[in-house]
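Chemist: I'd like to ask some things about the structure below.
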Amino acid sequence: MGKRIIVQARGKGSLTYRVKKRAFRYRLQYPQKLSGEGTVAQLLNSPAHSCPLAKIKYENGFFYMPAFKSMIEGQKINFEGKEIKDGNIMKLKNIPIKTKIYGIESRPGDGGVFIKTGGSSAIINRVLGEKILVLMPSKKEREFNPNCRAVIGVVAGTGRNDKPIVKAGKHHHIKKARNKFWPRTSAVKMNVIDHPFGSGRGKRIKSKISKRNAPPGRKVGLIRPRRTGKRK
C-alpha cells in the first residue's frame, strides 16, 4: 500500500508541517504615530528570528523591533529629531545619503517591512525627484516614498553565520523552530513508493517537467518552468 509523499503532506498543511504560533508571538512593527523618544526596555531572544529583538517603551505603551548592533537596555531612541544616531526612527527624506538603515516601510505608516534579518542593512543611495532610491542588501536599487520611515543602523546578529554548525542535531533544531523543510533528500535516492522519481532503476530521467493537469503526488520536479535545457 502506498503512502502520501512529502509534497502531498506539506500541501495539506497539517500541524506537522506548520510553524508553531508561539514562535512568531512578537510582531515586529513600530506604531503609525510616534513622537518624542522611547527607551529600550528589554532585549529578547526569539527562535523564529535571526536577530535579537528589542522591546521599546514609549508614551502609549510598547512595541517590538529588530535590535541594532551594540544596542543596550535603557538606551534612549528618538522618533522625531534629525540626529543621525543608531536606533533613531526617521523619515527617509531626513536621512542623509550613504547612511545605513533597516526596517524600512513600504508605504508611510505600515511600521517597517523591509530588512529585518540579522546583520543586514540598506544604504540611502540617491534622491531622484520625488523618490528616494535605496540600495538593498541584494545590490539592487528600490524606490521609496520620502515619508517612509526607517531605523538608523545595522541589524544586530552580524556574526550569526561565522560559527560553523558542526552537528546535524543543531541544524535540525534551527530548522524546526521555523518549520523549514530539512533535510532535503534527492528524489532519485528515494524508494519508488515515496516519489515518482524513486527506485534504483531509471535514474536518467528523460523529463522532470510535470504535466499541467497532474494530480498531487505526481506533480513534482519542474512545475511550469520558464525554460528548459542547458544554458548556452
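Chemist: Residues of the stretch 192-231 being over 33 Å from the mean Cα position of the chain (by Cα) and over 16 Å from Ile6 (Cβ atoms), which ones?
Modeler: Result: Ser199, Gly200, Arg201, Gly202, Lys203, Arg204, Ile205, Lys206, Ser207.
Chemist: Hey, can you tell me all the residues within the stretch 149-169 that are more than 15 Å from Ser50 (Cα to Cα), surrounded by 10 or more Cβ atoms within 10 Å (Cβ to Cβ) and not small (Gly, Ala, Ser)?
Modeler: Across the stretch 149-169, the qualifying residues are Arg149, Val151, Ile152.
Chemist: Taking the stretch 7-39 as the region of interest, how many residues are without any contact (Cβ under 8 Å) to a residue 40 or more places away in the chain and over 20 Å from Ser120 (Cβ atoms)?
Modeler: 11
Chemist: State yes or no: is Ala23 modelled with pLDDT of 85 or more, part of a helix (DSSP H, G or I) and either farther than 30 Å from Asp194 by Cβ or within 24 Å of the chain's Cα centre (by Cα) (or both)?
Modeler: Considered against the rule, which asks whether it is modelled with pLDDT of 85 or more, part of a helix (DSSP H, G or I) and either farther than 30 Å from Asp194 by Cβ or within 24 Å of the chain's Cα centre (by Cα) (or both), Ala23 comes out as yes.
Chemist: Return the residue satisfying two criteria in turn: it lies in the stretch 119-134 and is surrounded by fewer than 16 Cβ atoms within 10 Å (Cβ to Cβ) and farther than 13 Å from Pro96 by Cα, and of such residues it is nearest to the chain's Cα centre (by Cα).
Modeler: Lys131
Chemist: So which pairs qualify, if the first residue must be in the stretch 128-143 and outside the structural domain of Ser106 (by TED's automatic domain parsing) and free of Cβ contacts under 8 Å to residues at least 60 places away in the same chain, the second must be of a type in the set (Gly, Ala, Ser) and surrounded by 14 or more Cβ atoms within 10 Å (Cβ to Cβ), the Cβ gap must be under 7 Å, and the two must be at least 6 apart or on different chains?
Modeler: From the stretch 128-143, no pairs qualify.
Chemist: Another question, if that's okay. Which pairs turn up if I take residues in the stretch 92-112 that are without any contact (Cβ under 8 Å) to a residue 40 or more places away in the chain and look for partners that are not in a loop (DSSP other than H, G, I, E, B) with beta carbon separation below 6 Å, at least 6 apart in sequence or on another chain?
Modeler: If the second residue must be not in a loop (DSSP other than H, G, I, E, B), the pairs left are Ile97/Ile124.
The values are calculated or read from the model by the stated rules, or taken from the named source; none is laboratory data. Since the structure is predicted, the reported quantities are computational estimates derived from the model, not experimental observations. Don't worry about glycine lacking a Cβ; one is built from the backbone with ideal geometry, like all the others, and counts go over all protein chains shown.
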